[in-house]
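Read the structure below first, then the notes.
The values are calculated or read from the model by the stated rules, or taken from the named source; none is laboratory data. These figures come from a predicted structure and were not determined experimentally. In this analysis, Cβ positions are derived from the backbone assuming ideal geometry, glycine residues included, and neighbour counts consider all displayed protein chains.
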Amino acid sequence: MRWIRLFPAVCLWLIFVSGCSHQNAVYIVTGEDLSPRIEYGKARLAESLREQGYAVRFTVDPDSAASRNAIFIGLHSDSLFRGLTGMAKNTHKEGYNIEQQGMLTFIAGQDESGVLYGCLDLADRIKAGKKLPADLQVSDQPEMVLRGTCIGLQKTDYLPGRQVYEYPYTPENFPWFYDKELWIKYLDMMVDNRLNSLYLWNGHPFASLVRVPDYPYA
């Protein structure tokens, strides 16, 4: 008899929990066979949502998420955005749009980098506002084609028995250069700042040049 009396309360609790779970769930809708850039952007967006307590679910079926809290990710030319009326289209290189229509959020890029930057933009807004923002109408693109950093592969002093700029690029001389985890962190920093090029600057080993009599000015 006790279990019979508790049964309605248990049912109500399950309904409440199920409703909360459904309310906090966000579906991320993409096409199949994503490029590494779009896959990375999707992962960063999902990470940002999870940090704010959302349950993230992935699907390639747009119909399954049409009436739910969902984020559609892809290129402007993807079938996900065909038939979508009223959405602006940023045609600049690496450009993107973020627009919301009801419970649906659309991230559409002109190219794969644009999709990536759109995902990062929304992820940053979620982190700053502690929730999925509403009423977004965003269109943006980088102003410069090449945006990067320069790392000097140089020593501040001479190595024993060597002249200026004469240093082998070995793990002993440049241990950080062979640190994969450090490079991953650095590359993540670059994408956070929307940088797309990395320059390694090495010194010119003048003392190691071979002198050829026939080419004195080489």
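Residues that are touching a helix residue (DSSP H, G or I) at 6+ places or on another chain (Cβ under 9 Å), aliphatic (A, V, I, L, M) and within 30 Å of Asp121 (Cβ to Cβ) within the stretch 154-199 comprise Leu182, Val191, Leu195, Leu198, listed in sequence order. Picking from residues in the stretch 144-197 that are in contact (Cβ under 8 Å) with a residue 12 or more places away in the chain and in a helix (DSSP H, G or I), the one that is farthest from Glu94 (Cα to Cα) is Phe177.
Name the strands (runs of 3 or more DSSP E) wholly inside the stretch 37-142 in which the number of residues that are touching a strand residue (DSSP E or B) at 6+ places or on another chain (Cβ under 8 Å) and at pLDDT below 95 is 3 or more.
none
Out of Glu181, Glu172, Glu166, one residue alone is acidic (Asp, Glu), surrounded by 10 or more Cβ atoms within 10 Å (Cβ to Cβ), farther than 30 Å from Met87 by Cα and not assigned by TED's automatic domain parsing to the domain that holds Asn24. It is Glu166. For beta carbons closer than 7 Å, sequence separation of 6+ or different chains, a first residue in the stretch 98-127 that is free of Cβ contacts under 8 Å to residues at least 24 places away in the same chain and a second that is surrounded by fewer than 22 Cβ atoms within 10 Å (Cβ to Cβ), the qualifying pairs are Arg125/Pro133. Flag not set for Pro8, criterion: at pLDDT 95 or above, surrounded by fewer than 14 Cβ atoms within 10 Å (Cβ to Cβ) and not assigned by TED's automatic domain parsing to the domain that holds Asp192. Considering every residue within the stretch 35-50, establish whether at least one is farther than 16 Å from Leu116 by Cα and free of Cβ contacts under 8 Å to residues at least 60 places away in the same chain. Yes, the conditions are met somewhere in the stretch 35-50.
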